[in-house]
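A quick write-up on the structure given underneath.
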Amino acid sequence: MPSQVLCKCASCRKHTVILDNVPQAGCLVSFTTRRSHEKRAVSTPPRPVSPSPRQKPTSSRPPNQQEVSSHPMDIIFPSSTVIKMICILVVWLHIWAGISRSVVNTILKAFQLIISMTLQLIEAALCSSGISIRFPDLAIPQDIWTAYARHFLEPEIICTVCCPTCFSLYPQPAPIKCQWKESPRSRSCNTDLWKSKNTSKGPKMVPRRLYSTQSFDTWLQFFLSWKVIVDSLAGAFHQRGNRPAAFGGDMCDVQDSPAWQDLTGIFSTPITI
């Protein structure tokens, strides 16, 4: 009887034999049979493993990710507040810290670049995690004057032609030379009030000196728009009505005077004090 060897091919591995009192997977076959089994296993490609029809491929991504990706979710971002805070900062740097206009404009552009890039990185990081969002665009002013005019009250400045010698004021239209006299019989100042200035549209006559003042109406409107001023006026108005002046008593401030008490019938609101 020819000697037998242990074959552990895919077919023979289903059986069990006992060798030296030890159970092993395989079959005892002849050497020629085992070689033919090995050749058949090498020539036969492995059968692809298909998933069960009842099982669905699992995914680590959260559900409805495709729907979220195709429809980005808009985020409520306080863009107007952020822009106003940046404008307040650069206006303070320009007015109080003395930073030049060119440097402040560069700071505004840097803020635009940094914040836009930061928001884009946040969108990309959340998108890689399956969360698709979209931040609103930030339109930060690129010039200090645009930032100042957009968020601050621009004062109304009245410019009056001023003589550089005697400082006499001339409203528009101003004469060519100063006509001020120290006395009716003395000579005129006769100082030139205008000079020629080269502009992009050609030479232009401009005043040699201007005296600038702020409009009182606009200043008063700005002054009364402050909450602390309104609260102070309201407190003074109510204090005047609740504390009548004692006849013959000592006056500690103007509100104790009889004249101040007489204003009750004339002014009926705190703003008209």
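The values are calculated or read from the model by the stated rules, or taken from the named source; none is laboratory data. Just so you know, these numbers come straight off a predicted model, no measurement behind them. Methodologically, a virtual Cβ is constructed for each residue, glycine included, from the backbone with ideal geometry; neighbour enumeration extends over all protein chains shown.
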Does the range 197-216 contain any residue that is closer than 30 Å to ILE115 by Cα and loosely packed, with under 13 Cβ neighbours inside 10 Å?
no
Within the range 150-169, residues touching a helix residue (DSSP H, G or I) at 6+ places or on another chain (Cβ under 7 Å) and among the acidic types (Asp, Glu) come out as GLU156
Which condition number does GLN172 fail, the rest of (1) in contact (Cβ under 8 Å) with a residue 24 or more places away in the chain; (2) closer than 27 Å to SER212 by Cα; (3) polar (S, T, N, Q) being met?
(1)
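A quick yes/no check of all residues on (1) within 30 Å of LEU224 (Cα to Cα); (2) modelled with pLDDT of 85 or more:
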| position | (1), (2) |
| --- | --- |
| LEU121 | no, yes |
| LEU138 | no, no |
| ALA149 | yes, no |
| GLU156 | yes, no |
| TYR170 | no, yes |
Across the range 147-190, which residue is nearest to ARG101 (Cα to Cα) among those that are under 44 Å from the mean Cα position of the chain (by Cα) and assigned to a strand (DSSP E or B)?
ILE157
